[in-house]
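Below is one structure, written out as structure tokens; comments come after it.
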Amino acid sequence: MHPDASTLWRGPRWTLAILLALLGMLGPFSIDTYLPAFSAIASGLQATPAQMQQTLSAYLFGFAFMALFHGSLSDSFGRRPVVLSGLAIFTLASAGCALAPSIGWLIFFRAIQGLSAGGGIVVARAVIRDLFPPAQAQQVMSQVTIFFGIAPAIAPMVGGWLSEHLPWQSVFWFLTFISVFLWLTIWRLLPESLPPLQRQPMHLGHLLRGYWQLGANPRFVLLTLASGVPFNAMFLYILAAPAFLGEHLHLQPAQFFWFFILNIVGIMGGAWLSGRMAGRVAPKRQIRHGFVVMLAMVLLNLAANLLFTPHAAWAMLPICIFSFGWALMVPVITLLVLDLVPERRGMASSLQAFVGSMANGLVAGVVAPLVMHSTVWMAFASLLMMQIGLVAWAYLHRRWPEIGRSVA
């Protein structure tokens, strides 16, 4: 923790949570806002469906790659410079997308957006632990998750309205405006939470030793698997929403928003309860509760799809309750990750984000296309991904039973 943490942020903790959640929301907004404009962009730039898919892939690969370095840079140069630099680059890239004369330039600027967008969520986690002791940090992390959960609901609606009433470039001008607003807000309000004496040297040897220290730490690897992979048991259904909701549940596109709202309610409810349990319930018990909910839901989901024809009246509920269980445990695991190597919290946050991003990319590019034709196979894939996280946590719990035992 910063030695002067109590004086760096004097306002209510929830106001800092909103500020950090806004930073984290930039990544989802960069995807969900422009998806409704796909057809308009393709028509305007005479792009093929494969080229349009490349605009998404370029962003995701850039996001995953740079996730490795945002936190390490913040460990060396401080949290504020990394966030402000990332926002400045994202602003220029968003304007470049709006002004792109061809699909090739759009793909290029989308890659730059991806490289710069991840700094917010990666550094925000480190900032929270810099400023607050464990119990309070869990409360703030939970509040960030609550506010962060709003992004998937708002972004498609904003993007849909813009693409329907204005030229497709308006989507990227909107992202430009948002990033300028965030830059000014962060510059004005966010304190520097990493003292100069606690910063790490920025040279290759020291950096590689840090990555090795974390990557070779089995506790770190198991915790990142326990937090990052189960998310994809829910994310799979979001990626496959057109097939799951339209083809299997026979919903109209205008009705899709119910699925997203239910998931958001689940995430916000789980995060709220996680914050309420902070300092009262041992972290490992809270993680266990989250996994119990998730395991029950994936088993129920698979059994229901094996026995019955999927129907909108029930098929969405297990996934939404699963999101509640995930949000209940993920703030706790994230803090355990950050506290494994306190002097490298930024790097730990980077590697955790990288593992999650790579898992997301694998599900988006390989798993979802393979299973989206069948609700049974989707349910089975969801069960397998949840089990990876569960096995990782169970082994960690057995091998190092002291982790997460005490109430902070």
Check your understanding: Does LEU106 count as more than 17 Å from GLY27 (Cβ to Cβ), more than 21 Å from the chain's Cα centre (by Cα) and surrounded by 23 or more Cβ atoms within 10 Å (Cβ to Cβ)?
Key -> yes
Check your understanding: Restricting attention to region 224-245, does a residue exist that is at pLDDT 85 or above, surrounded by fewer than 18 Cβ atoms within 10 Å (Cβ to Cβ) and under 19 Å from ALA379 (Cβ atoms)?
Key -> no
Exercise for review: Starting from residues that are touching a Gly at 6+ places or on another chain (Cβ under 6 Å) and at pLDDT 80 or above, keep the ones in region 140-176 and report whichever is surrounded by the most Cβ atoms within 10 Å (Cβ to Cβ).
Suggested key: VAL171
Check your understanding: Counting just the residues of region 363-382 that are without any contact (Cβ under 8 Å) to a residue 12 or more places away in the chain and either of a type in the set (A, V, I, L, M) or not in a helix (DSSP H, G or I) (or both), which one comes out farthest from GLN213 (Cα to Cα)?
Key -> SER374
Point to revise | Any pair with Cβ under 7 angstrom, 6 or more apart, that starts in region 69-82 at a residue that is basic (Lys, Arg) and ends at one that is surrounded by 20 or more Cβ atoms within 10 Å (Cβ to Cβ) | key: ARG79/VAL123; ARG79/ALA126; ARG79/VAL127; ARG79/SER193; ARG79/LEU194; ARG80/LEU190
Check your understanding: Where in region 140-223 are there helices (runs of 4 or more DSSP H), lying fully within it, with 3 or more residues that are within 24 Å of PHE69 (Cα to Cα) and within 22 Å of the chain's Cα centre (by Cα)?
Key -> 169-189, 204-215
Check your understanding: How many of the residues in region 264-305 are surrounded by 24 or more Cβ atoms within 10 Å (Cβ to Cβ) and in contact with a Cys (Cβ under 8 Å, 6 or more places away or on another chain)?
Key -> 1
Revision key, fill the gap. Flagged in region 177-192 as surrounded by fewer than 19 Cβ atoms within 10 Å (Cβ to Cβ) and not hydrophobic (A, V, I, L, M, F, W, C), in numbering order, are THR185, ARG188, PRO191, GLU192
Practice item. Kindly establish whether ARG398 is farther than 20 Å from LEU245 by Cβ, without any contact (Cβ under 8 Å) to a residue 60 or more places away in the chain, of a type in the set (D, E, K, R) and assigned to a helix (DSSP H, G or I). Key: yes
**Study point:** Residue list for region 250-293, restricted to those being assigned to a helix (DSSP H, G or I), over 20 Å from VAL337 (Cβ atoms) and aromatic (Phe, Trp, Tyr)
**Key:** PHE257, TRP258, PHE259, PHE260, TRP272
Practice item. Check region 301-308 and report whether any residue there is outside any helix (DSSP H, G or I) and out of contact with any Lys or Arg (no Cβ under 6 Å at 6 or more places or on another chain). Key: yes
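The values are calculated or read from the model by the stated rules, or taken from the named source; none is laboratory data. On a predicted model such as this, the values are computed, not experimentally measured, just so you know. Methodologically, a virtual Cβ is constructed for each residue, glycine included, from the backbone with ideal geometry; neighbour enumeration extends over all protein chains shown.
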